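Below is one structure, written out as structure tokens; comments come after it.
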Amino acid sequence: MDIPRIFNITESAHRIHNPITPEKLATLGAALRLASGARVLDLGSGSGEMLCTWARDLDVVGTGIDMSQLFSEQAKRRAVELGVADQVHFIHGDAAGYVSDEKADVAACVGATWIGGGVAGTIALLARSLRTGGIILIGEPFWRQLPPTDDVAKGCLANSISDFLVLPELVASFGHLGYDVVEMVLADQDGWDRYEAAKWLTMRRWLEANPDDELANEVRAQLSSEPERYAAYTREYLGWGVFALMPR
């Protein structure tokens with residue numbers, strides 16, 4: 001079980017696999033006002049930076065599940081590096097359908113809502129692991145400005161304009177699902193730069209080390225096209241944020 005290898009290559013040097021920065025990740029953790037010992041479940045936990053840094057800084061405990069074997073191994077190493085391996089546990093597995101035996105104070109899916117077939121399905125999945133009075137975290141893109149055409153939306157790697165909402169509509173949609181939005185931390189263009197641009201050096205170094213790999217042509221094509229595509233489309237049109245929700 002693993003994610004497509006291209007993602008393991010392009011994001012192998014990332015600690016955070018979305019546009020939020022370490023500073024904003026810390027802001028989010030502090031904003032939730034978690035008690036010492038609070039339990040966090042993170043579906044699609046990537047390289048474990050959220051759980052590991054919150055365990056270090058906020059004294060939480062928790063579990064992360066991710067399909068990437070590489071990212072799961074990186075998460076375990078990060079827990080050891082930060083001295084929190086006794087507080088957090090990482091599982092290499094499919095987060096889709098995962099329900100925790102022990103109810104969580106925070107149930108999160110930060111940038112992987114495909115595990116539930118979209119935002120609504122992922123919220124419903126997370127709710128099954130949430131204790132009464134707990135908080136759900138959803139990380140999701142939105143349109144910073146509405147693309148004028150579907151071709152521009154495709155330049156943002158969406159299928160069409162209808163894939164995402166503008167921010168007010170996204171916030172309203174949580175209410176329609178029966179949840180109060182109790183906090184949010186939004187990525188900015190600098191955060192997008194750190195997420196996207198960091199891939200380019202990784203790809204270049206990988207190509208130098210692996211010129212005969214079966215994916216070398218695909219990685220070369222991405223490195224040749226991604227900087228221009230990103231600067232023209234994603235950076236200008238696509239936003240991203242983490243939204244804290246509590247059931248009404």
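Results, tabulated for the structure shown:
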item	result
Out of Ala96, Ala75, Ala104, sole residue that is farther than 13 Å from Asp42 by Cβ and modelled with pLDDT of 95 or more	Ala96
Close pairs (7 angstrom Cβ cut-off, 6 or more residues apart or separate chains): over 14 Å from Met1 (Cβ atoms) and aliphatic (A, V, I, L, M) in the stretch 85-103, at pLDDT 95 or above and surrounded by fewer than 18 Cβ atoms within 10 Å (Cβ to Cβ) anywhere	Val99/Arg128
Cβ pairs under 8 Å, 6+ apart, first in the stretch 165-191 and of a type in the set (Ser, Thr, Tyr), second in a helix (DSSP H, G or I)	Ser173/Val119; Tyr179/Ile123
So Gly118, is it within 18 Å of the chain's Cα centre (by Cα), at pLDDT 95 or above and at positive phi	yes
Residues of the stretch 1-10 that turn out to be under 27 Å from Glu236 (Cβ atoms) and either open to solvent by less than 40 Å² (accessible area, probe 1.4 Å) or part of a helix (DSSP H, G or I) (or both), as a count	4
Meets criteria (open to solvent by 20 Å² or more (accessible area, probe 1.4 Å) and either under 30 Å from Ala209 (Cα atoms) or touching a residue at least 12 places away in the same chain (Cβ under 8 Å) (or both)) for Gly116	yes
Selected residue (only one of Glu49, Glu81 is within 19 Å of the chain's Cα centre (by Cα), acidic (Asp, Glu) and more than 30 Å from Arg248 (Cβ to Cβ))	Glu49
Residue within the stretch 44-53 that is open to solvent by 30 Å² or more (accessible area, probe 1.4 Å), modelled with pLDDT of 95 or more and of a type in the set (Asp, Glu) present	no
Test set (1) touching an Asp or Glu at 6+ places or on another chain (Cβ under 9 Å); (2) open to solvent by 60 Å² or more (accessible area, probe 1.4 Å) - Glu196 fails condition number	(2)
Selected residue [exposed (fewer than 14 other Cβ atoms within 10 Å of the Cβ), outside any strand (DSSP E or B) and at pLDDT 95 or above] from Glu226, Glu169, Glu236	Glu169
Failed condition for Leu215, given (1) over 30 Å from Glu102 (Cβ atoms); (2) open to solvent by 60 Å² or more (accessible area, probe 1.4 Å); (3) not aromatic (Phe, Trp, Tyr)	(2)
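For (1) under 21 Å from Leu25 (Cα atoms); (2) of a type in the set (Ser, Thr, Tyr), each residue gets a yes or a no:
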{"position": "Ile65", "(1), (2)": "yes, no"}
{"position": "Phe71", "(1), (2)": "yes, no"}
{"position": "Gln87", "(1), (2)": "yes, no"}
{"position": "Ser100", "(1), (2)": "no, yes"}
{"position": "Ala108", "(1), (2)": "yes, no"}
{"position": "Thr113", "(1), (2)": "yes, yes"}
{"position": "Gly134", "(1), (2)": "yes, no"}
{"position": "Leu146", "(1), (2)": "no, no"}
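The values are calculated or read from the model by the stated rules, or taken from the named source; none is laboratory data. Everything numeric in this text was worked out from a predicted model, so none of it was measured. For neighbour counting, all protein chains shown are included, and Cβ atoms are generated from backbone atoms with ideal geometry for every residue, glycine included. All accessible areas refer to the heavy atoms of the entire protein, side chains included, with ligands and DNA or RNA removed. Shrake-Rupley method; radii C 1.70, N 1.55, O 1.52, S 1.80 Å.
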